[in-house]
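The values are calculated or read from the model by the stated rules, or taken from the named source; none is laboratory data. The model shown is predicted, which means the values in this text are computed figures rather than measured ones. Using ideal geometry, Cβ is built from the backbone for each residue, glycine included, and neighbour counts are taken over all protein chains shown. Accessible surface is based on the protein model in full, side chains and every heavy atom, while ligands, DNA and RNA are left aside. Shrake-Rupley method; radii C 1.70, N 1.55, O 1.52, S 1.80 Å.
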Amino acid sequence: MASSKSKVAIIGSGNWGSVAARLVASNTLKLSNFHDEVRMWVFEETLPSGEKLSSVINQSNENVRYLPGIKLGENVVADPDVESAVKDANMLVFVTPHQFVDGICKKLVGKIRQDATAISLIKGMDLKPEGPSMVSKLIKDSLQIDCCVLMGANIANEIAKEQFSEATVGYAENKSLADEWVRLFNTNYFLVSAVQDVAGVELCGTLKNVVAVAAGFVDGLQLGNNTKAAIMRIGLNEMRAFCKMLFASVNDETFFESCGVADLITTCLGGRNRMCAEAFAKSGGKRSFDELEAEMLKGQKLQGVLTAKEVYIVLSQRGCLQMFPLFTTVHHICTGRLPPSDIVRYREHANNSALVNSDSNMVPAALPAIRSLRASRIQVQDSNNVGQCMTALPGGLSCVICALSTNSRCRNIPAD
Ligand SMILES: NC(=O)c1ccc[n+]([C@@H]2O[C@H](COP(=O)([O-])OP(=O)(O)OC[C@H]3O[C@@H](n4cnc5c(N)ncnc54)[C@H](O)[C@@H]3O)[C@@H](O)[C@H]2O)c1
Ligand SMILES: O=P(O)(O)OC[C@H](O)CO
């Protein structure tokens, strides 16, 4: 007879992936409705000793590469074959750097259990030709399964030491499924709660990485705490506006959960994006982020620089750069178009046509899209529809300004 116990697989084994495996494995031992064993997929690599990482993890019970010095729990089994790692599992935890998830999902099509369900701990989004796709949607659509998200103020090395923190599960409709994920992750030092707002939770986790890069520039320039707090506040506003632009359903309350303001604070104080951006600013923008990532993170991956680029592309395509001056300036600094010191001159750069034009190779579709968008907005302005904004953005999205302040006339019409 088939067992009714749930079986968990962790897809990813980096810094957070290893800590997530440890957390979950401590609970599967305690909770009777879970199989003890937790399989953790390892993107295989050969260590300087010549040994395979997955073998060393299984021998030492330690991820010597991404989480040295911490025992994972004897019931964590490293598996270098992703298909074999997920084969028997009905609860799939996705936790890889966001740039790899599309490829992983493609490998898993047709290879997972019929009754499988997923949760994404991945902070980032995927850009498709038709527009941005959140990672949870990518997983949901590729594998035809439900996908919750778990985000929060969760610097992995601190959770590995069992220092108290909180996290937020975002779910779409199925509250009992969300409760099952909460049970799987919740411990006395890791308090998890659930909110019905997948997009809000996931976008908070994604966008805070861009603000963390800005905070790192401030640190590198030694501009002090007031400046950093200002950048965080402005960043939070842009996070909220971006969320509302993509998903009008995002709840304001979500920003007060661990996934919102708490994650923003921790990442701007102690995250890897902040640390590498600080080094970048200290070098006057002369050292590349790729070089700094390789040197400082030793195989771990930065998400903020890539996310800043992805956000920039989305904003360009929607003709909304001028409404997100901080996000836009972070991208221009990361790509060397502006010096790091311009982080505090962010208001001057969002609508800088020379900078936008210099990016036209990167986003060839963006400039015509902006032009046609401007034309449609000017028509809206002429329609004399005062009292309710009728601005239609591509993809049927509503105007960000009016999504934030309903019943006001749309002020989001470019001057020209
Ligand atoms: N580390 C943290 O403190 C933390 C906390 C919360 C959320 N997150 C988020 O969790 C996600 C995963 O982060 P992480 O810290 O576990 O990873 P990481 O930054 O440690 O990245 C290293 C991982 O990427 C894998 N990798 C490298 N090349 C690959 C490839 N071509 N294909 C597949 N995998 C490859 C490596 O094998 C390793 O497992 C990210 O979205 C991150 O933002 C991280
Ligand atoms: O180290 P970072 O900058 O990738 O941030 C880590 C986590 O996302 C913080 O919650």
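Each principal axis of region 28-141 carries a Cα extent, and these read 45, 39, 23 Å when sorted largest first. Can you give the local net charge around Ile112? Use residues other than it whose beta-carbon is closer than 15 angstrom to its beta-carbon, Lys and Arg +1, Asp and Glu -1. Spelling it out: positives minus negatives among the neighbours equals +1. When the trypsin sites (Lys or Arg not before Pro) in region 215-299 are filtered for DSSP coil states and for at most 15 other beta-carbon atoms within 10 Å of their beta-carbon, the remaining sites are Lys286, Arg287, Lys298.
Solvent-accessible surface of protein heavy atoms, probed at 1.4 angstrom with all chains present, puts Arg347, Arg22 in the order Arg347, Arg22, largest first.
Note on Glu257: accessible area is roughly 50 Å² with a 1.4 Å probe, heavy atoms of protein only.
Under 23 Å of direct C-alpha separation, and excluding same-chain neighbours fewer than eight residues apart, Lys309 reaches these lysines: Lys123, Lys128, Lys137, Lys208, Lys228, Lys244, Lys282, Lys286, Lys298, Lys301.
In this rough spin-label picture, where each label sits 7 Å from Cα along the Cβ direction, the Lys111-Glu253 distance is 4.0 nm. Simple spin-label estimate for Lys71 and Ser133 gives 4.2 nm between the two label positions (7 Å along the Cα-to-Cβ direction from each Cα). Note on Ala229 and Lys298: their simple-model spin labels are 3.6 nm apart, each label 7 Å out from Cα toward Cβ. Dividing the C-alpha radius of gyration of region 194-341 by 2.2 N^0.38 Å, with N its residue count, gives 0.99.
Mean shadow of region 22-85, computed from the convex hull of its alpha carbons, in nm²? Each step should come with its number before you reach the end.
Numbers: hull surface 17.6 nm².
In nm², the orientation-averaged hull projection of region 22-85 is 4.4.
Seen from every direction in turn and averaged, the convex hull around the alpha carbons of region 257-341 projects onto 6.2 nm². Packing, taken as the mean count of other beta carbons within 10 Å per residue, orders the peptides 26-33, 328-335 from highest to lowest as 328-335, 26-33. With one equal scatterer per alpha carbon and no solvent term, the Debye-computed log10 I(q)/I(0) for region 120-165 at 0.16 1/Å reads -0.56.
With a ≥ b ≥ c taken as the square roots of the eigenvalues of the C-alpha gyration tensor of region 67-111, please select rounded if a/c is under 1.5 and otherwise prolate if a/b is larger than b/c or oblate if it is not?
On the way: a/c = 2.50, a/b = 1.44, b/c = 1.74.
It comes out oblate by the Cα gyration axes.
Within region 84-163, the GluC sites (Glu not before Pro) that combine a DSSP coil assignment with at most 11 other C-beta atoms in a 10 angstrom radius are Glu130.
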